[in-house]
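Report on the structure given below.
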Amino acid sequence: MVIEGEELTEQETALYDRQIRVWGADAQRRLSKSHVFVCGMKRTVAEFCKNIVLAGVGSLTLVYDRPMNEEALSANFFITSDKTVYAGQSVAGVCIESLKELNPMVRVTAEEGNILNFDEEYFNKFDIIVISGCSLETKKLINEKCRRLEKRVGFYTVDCEGSCDEIFVDLKSYAYSKRNLHQIFKGPFKDANGEIWECRLQYPSYEVTTAVPWKNLPKRMSKLYFALRVIEKFEQGEGRDLGETSEKDLYGVLKLRKELCDVHDVDESFVLEPLLARLIAETREFTPVSATIIGGIHGQAISGKGDPVKNFYLFDATDGKGRVEDVSNFI
């Protein structure tokens, strides 16, 4: 939990002096007192963890997600090619020591167990929950556990399919400050303070958001959104986690596309076949941009500054374009 009245120590002020000059002492204080939980340590999320540890997050807890294997060796820069060193260890466990060395002031730990077995009270210890590479049912279940907590716990899913990324954000009921542009430009509308508005957003859950009928969504909606929903449903039906598809699955994915388009009463062209084919065939994450985006979105939630993402951020590295899609407007 972020403690509002607790000030930065002299050591923190000295270490993070450059950051404080950029975003202010209050934002750094919030970051330094925040507690983050991460499940899923592939390339992009590993980069995200590196960034927040260097920035001085209060604590980072990694779940013991999966055992070491060939895929982990190629998908995480914290892991070297010496397999013998990591025999019998999990991916999260291997990453702990490297993260600790980046910033000794940050408490980095690993939790053993299946994330599905963690109860609501366990998640109450954190301010931010980030899960990646999980099944559709896991996303829904963990999101609902966070929403049932009395305090606000920010919930994020980070899904990377090759050169495409999707970030889902649920901040429940979220208040933040926004500068009054009418006041800056001497417009006729001024708030009581003359400078700052306090805004509040209500976020729906992952389950509610992804259940919105496609025919209700605007035509300008990112095609990546629909393609990812098809692949997500396909993986669920096959009992797989995110990213466990290949080119041989294209026939089954296209068959499901037709079924889902019929259910949502839209034409099959709503979900582009070339995009589906690219998503299921690509396996390498496009790390640098993705991690920067994730870090920025996380920073917004903790600092309370700037317009937060609601509900999805979708990014395609092939054209370098990212879009925020507020699906809740069409529920």
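The values are calculated or read from the model by the stated rules, or taken from the named source; none is laboratory data. In this text, all values refer to a predicted model and were calculated from it rather than measured experimentally. Here the Cβ positions follow ideal geometry from the backbone for every residue, glycine too, while neighbour counts run over all protein chains shown. Accessible surface is based on the protein model in full, side chains and every heavy atom, while ligands, DNA and RNA are left aside. Shrake-Rupley method; radii C 1.70, N 1.55, O 1.52, S 1.80 Å.
Worth a mention:
- Filtering the range 116-128 to residues that are without any contact (Cβ under 8 Å) to a residue 24 or more places away in the chain, open to solvent by 80 Å² or more (accessible area, probe 1.4 Å) and under 20 Å from Ala92 (Cα atoms) leaves only Asn117.
- In the range 195-227, the residues that are hydrophobic (A, V, I, L, M, F, W, C), outside any loop (DSSP other than H, G, I, E, B) and closer than 17 Å to Glu259 by Cα: Trp214, Phe226, Ala227
- Residue satisfying all of: in the range 158-167; under 15 Å from Ile129 (Cβ atoms) and buried (at least 24 other Cβ atoms within 10 Å of the Cβ); modelled with the lowest pLDDT among these: Val158
- Residue within the range 42-64 that is of a type in the set (Phe, Trp, Tyr), over 29 Å from Glu120 (Cβ atoms) and modelled with pLDDT under 85 present: no
- Summed over the range 87-126, residues that are among the aliphatic types (A, V, I, L, M) and touching a His at 6+ places or on another chain (Cβ under 7 Å) total 0.
- Residues in the range 307-321 that are in contact with a strand residue (DSSP E or B) (Cβ under 7 Å, 6 or more places away or on another chain) and either at positive phi or at pLDDT 85 or above (or both): Val309, Lys310, Asn311, Phe312, Tyr313, Leu314, Phe315, Asp316.
- Looking across Glu259, Glu232, one residue alone is at pLDDT 90 or above, closer than 22 Å to Val38 by Cα and part of a helix (DSSP H, G or I). It is Glu232.
- Residue that is modelled with the lowest pLDDT [pool: residues in the range 101-115 that are open to solvent by less than 80 Å² (accessible area, probe 1.4 Å) and part of a helix (DSSP H, G or I)]: Leu102
- The set of residues from the range 310-328 being open to solvent by less than 10 Å² (accessible area, probe 1.4 Å) and within 12 Å of the chain's Cα centre (by Cα) comprises Asn311, Phe312, Leu314.
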